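The values are calculated or read from the model by the stated rules, or taken from the named source; none is laboratory data. Since the structure is predicted, the reported quantities are computational estimates derived from the model, not experimental observations. So basically every Cβ, Gly included, is an ideal-geometry build from the backbone, and we count neighbours across all protein chains shown.
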Amino acid sequence: MSDTVTVKFFARLRETLQTDELELPISTQGTVSDVIESLASRGAPWDVLQGDQPVMIAVNQTMARPTQPLSPGDEVALFPPVTGG
Amino acid sequence: MIRIQTEDFDIGEQTRALGGTGDTGAIATFTGLVRTRGDRQDVRALFLEHYPGMTESVIEDLVTQARERWSIQAVRVIHRVGELALGEQIVFVGVASAHRGDAFAACEFLMDALKTSAPFWKKEITVDGESHWVEQKASDRDKAKNWQQD
């Protein structure tokens, strides 16, 4: 198995990035911040991940912080603040 | 019971399913509907997206928290996803308890916490055919915070 994580996008982010899911290689001791930085460095529209609007993070379907370390096979989700109910 | 579904639900059926054991003295329910005045004034429908899997586990965790805090006999949470027209039912939270105090409190807690922590996103579709994603409200965050314990 290669050292990648799955990154999922929801709602406004999914539409802006025109992507619902992608695979990204991660380095040893990589964190969620590294994933966000690597994606944002692709330029527009990916720079919204480091823009003014808040981006929430879940790792393996649990809310997480940018400093959370990642392991190969992890599922990272990036999404706007939730608005259900 | 927690269910995420596109289909509508029957409030009477859901409410009856909560009680009837003989121990239940109170059932409190909340039903949320699509209304015309949201972030915009001329909403004709909502589109609801969710994160399958995480949604269920977040709500499951909220129900566990409610059971630790109040004396609860049964809980039912239904949340619809997909496109919902004006007046349609979006969400149902029902709690059965021996007494109304626990039923009311747990029902309100579940609804307030769900709004700010369960991964659902609403898009409003207006009469002119435009659509936009709804913003999370500070008032909703405040309501959820009020339930936090020291």
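Scanning the range A:64-85 for residues that are facing chain B (nearest Cβ under 8 Å) and in a strand (DSSP E or B), we see that the one that is nearest to B:Ser57 (Cα to Cα) is A:Ala77. Considering only residues of the range B:1-50 that are surrounded by 14 or more Cβ atoms within 10 Å (Cβ to Cβ) and basic (Lys, Arg), which is modelled with the lowest pLDDT? Residue satisfying both the conditions and the ranking: B:Arg40.
Can you pull out every residue in the range A:57-85 that is among the hydrophobic types (A, V, I, L, M, F, W, C) and surrounded by 17 or more Cβ atoms within 10 Å (Cβ to Cβ)? Give the derivation first.
Looking only at the range A:57-85, we keep the residues that are among the hydrophobic types (A, V, I, L, M, F, W, C), and these are A:57-59, A:63-64, A:70, A:76-79, A:82.
Matches in the range A:57-85: A:Ile57, A:Ala58, A:Val59, A:Ala64, A:Leu70, A:Val76, A:Ala77, A:Leu78, A:Phe79, A:Val82.
Hey, does the range B:133-145 have a residue that's of a type in the set (Lys, Arg), farther than 20 Å from B:His79 by Cβ and surrounded by fewer than 21 Cβ atoms within 10 Å (Cβ to Cβ)?
Within the range B:133-145, the subset of a type in the set (Lys, Arg) is B:137, B:141, B:143, B:145.
Restricting the remaining residues to those that are farther than 20 Å from B:His79 by Cβ gives B:145.
Filter again for surrounded by fewer than 21 Cβ atoms within 10 Å (Cβ to Cβ), leaving B:145.
Taking every residue of the range B:133-145 in turn, at least one turns out to be of a type in the set (Lys, Arg), farther than 20 Å from B:His79 by Cβ and surrounded by fewer than 21 Cβ atoms within 10 Å (Cβ to Cβ).
Take the residues in the range B:74-133 that are closer than 22 Å to B:Asp61 by Cβ and in a loop (DSSP other than H, G, I, E, B); name whichever of them is nearest to the chain's Cα centre (by Cα). Full working, then the answer.
Looking only at the range B:74-133, we keep the residues that are closer than 22 Å to B:Asp61 by Cβ, and these are B:74-81, B:90-97, B:102-122.
Now drop any that are not in a loop (DSSP other than H, G, I, E, B), which leaves B:81, B:118-119.
Working: B:Val81: 12, B:Ala118: 10, B:Pro119: 12 Å.
Applying the filter and picking the extreme gives B:Ala118.
Looking only at residues in the range B:77-91 that are surrounded by fewer than 21 Cβ atoms within 10 Å (Cβ to Cβ) and more than 17 Å from B:Arg37 (Cα to Cα), which one is farthest from the other protein chains (Cβ to nearest Cβ)? The qualifying residue farthest from the other protein chains (Cβ to nearest Cβ) is B:Gly82.
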